[in-house]
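Single-structure report; data block below.
The values are calculated or read from the model by the stated rules, or taken from the named source; none is laboratory data. Note that the coordinates shown come from a computational prediction; the quantities given were computed from them, not determined experimentally. Heads up, the Cβs are rebuilt from the backbone with ideal geometry, glycines too, and the neighbour counts pull from every protein chain shown.
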Amino acid sequence: MQNIESQVFEPAYRLVRYFGTQDKTAEALNVKQGTVNGWVNGKHGISSLNAQKAERLTGGEIKASDLCPELLELEEY
């Protein structure tokens with residue numbers, strides 16, 4: 001049997017730690033728990049809108065550009 005390590009997306013993991021659970025994170029961002037799980041496990045990215053909501057809800061502790069790296073491009077302009 002092959003050992004498959006999941007790819008944990010660290011910024012999303014920190015976001016879940018901030019709220020306490022995936023369920024609480026999902027509730028705060030008005031998404032489904034499965035969506036949060038997908039972020040944490042690197043199955044799909046976080047939209048710029050949800051990343052910005054997360055930054056606002058965490059008082060800037062979790063940066064939108066960490067959650068959604070494409071936002072770094074906007075910071076360059």
Check your understanding: Taking the stretch 19-31 only, how many residues are in a helix (DSSP H, G or I) and either small (Gly, Ala, Ser) or surrounded by 17 or more Cβ atoms within 10 Å (Cβ to Cβ) (or both)?
Key -> 6
Practice item. Could you please tell me which pairs satisfy a Cβ distance under 8 Å, a separation of 6+ or placement on different chains, a first residue in the stretch 32-43 that is touching a residue at least 12 places away in the same chain (Cβ under 8 Å) and crowded, with 17+ Cβ neighbours inside 10 Å, and a second residue that is among the small types (Gly, Ala, Ser) and not in a helix (DSSP H, G or I)? Key: Trp39/Gly45
Exercise for review: Starting from the stretch 64-77, take each residue that is modelled with pLDDT of 95 or more and acidic (Asp, Glu) and list its partners that are in a helix (DSSP H, G or I) and surrounded by 12 or more Cβ atoms within 10 Å (Cβ to Cβ), counting only C-beta distances under 7 angstrom and pairs at least six apart or across chains.
Suggested key: Asp66/Pro11
Exercise for review: Scan (1) at pLDDT 95 or above; (2) under 10 Å from the mean Cα position of the chain (by Cα); (3) not in a helix (DSSP H, G or I) for the single condition Ala51 breaks and write down its number.
Suggested key: (3)
Review point. Residues of the stretch 54-77 being acidic (Asp, Glu) and part of a loop (DSSP other than H, G, I, E, B), which ones?
Key: Glu61, Glu70, Glu76
